Amino acid sequence: MTSFVNINYSTRHPGVERVQNFVEVILGASKQFSFAKGLSTMLLAAMVAALVVVADQLIDTWADGHLLAAWVMLWLVGFAAIGLLASPTRQLALKSIAAMDAWSRKLARQRADERLWYFAKQDPRVMADLQAAINRARS
């Protein structure tokens, strides 16, 4: 009589599943992150901080003993700066990120062209292909 042993082992390791789930969560969170939003927040914080420092210097000269008035004016300047500068900093961040992306694409194209030209100088077949492409573009 022949008997077979049929033991069902799990084909998935629970530790590996946890790590895979963690990596998926991290990758999902990184896709939702907006560099423009982070940059605009930092620009806004820098501008508001600069305005608050200037306002503090100005208020300090005329608020002799009126600490509550100076404190209220300082907060008023801070909140007004946040309200007025939020949209311009967002636009500035979007434009600067677009400019940096365009610059990096241009730099990558230049490097690729330089590498191709280097290979074309080494290999006559590549140079012939380049010359044929240039001739087709001229006609």
Counting only protein heavy atoms and rolling a 1.4 Å probe, one gets per residue an accessible area for the chain in Å² of 86 Å²
Judged on accessible area alone, 1.4 Å probe, highest first, 40, 87 line up as 87, 40
Low-density loop chymotrypsin sites (Phe, Trp or Tyr not before Pro), the stretch 30-98, at most 10 other Cβ within 10 Å, DSSP non-H/G/I/E/B, are 33
In degrees rounded to 10, the 0-90 angle between helix 35-62 Cα long axis and the longest Cα principal axis of the chain is 20 degrees
With R₀ set to 25 angstrom, the calculated FRET efficiency between the beta-carbons of residue 42 and residue 105, to the nearest 0.05, is 0.55
On the accessible surface of the chain, probed at 1.4 Å with all protein chains in place, carbon and sulfur together account for a percent value of 65 percent
Around residue 73 (Cβ within 15 Å, Cβ-to-Cβ, excluding residue 73; K/R +1, D/E -1) the net charge comes to -3
With the convex hull built on the alpha-carbon atoms of the chain, volume per residue in Å³ sits at 354 Å³
With every protein chain in place, the accessible area of residue 139 for a 1.4 Å probe, in Å² rounded to the nearest 10, comes to 120 Å²
Looking only at aspartates and glutamates whose Cα falls under 16 Å of residue 121's and that sit 8 or more positions away or on another chain, we get 113, 129
Stretched fully, the stretch from residue 129 through residue 58 gains (0.36 nm per residue minus C-alpha distance, one decimal, in nm) 18.7 nm
Residue-normalised 222 nm signal for the chain, counting each DSSP H run of n ≥ 4 as -39,500 (n - 2.57), nearest 500 deg cm²/dmol, is -30500 deg cm²/dmol
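The values are calculated or read from the model by the stated rules, or taken from the named source; none is laboratory data. What you see is a predicted model; the values in this text were computed from it and never measured. Reconstructed Cβ throughout: ideal geometry from the backbone, glycine too, with neighbour counts over all protein chains shown. With ligands, DNA and RNA removed, areas are computed over all heavy atoms of the protein, side chains included. Shrake-Rupley method; radii C 1.70, N 1.55, O 1.52, S 1.80 Å.
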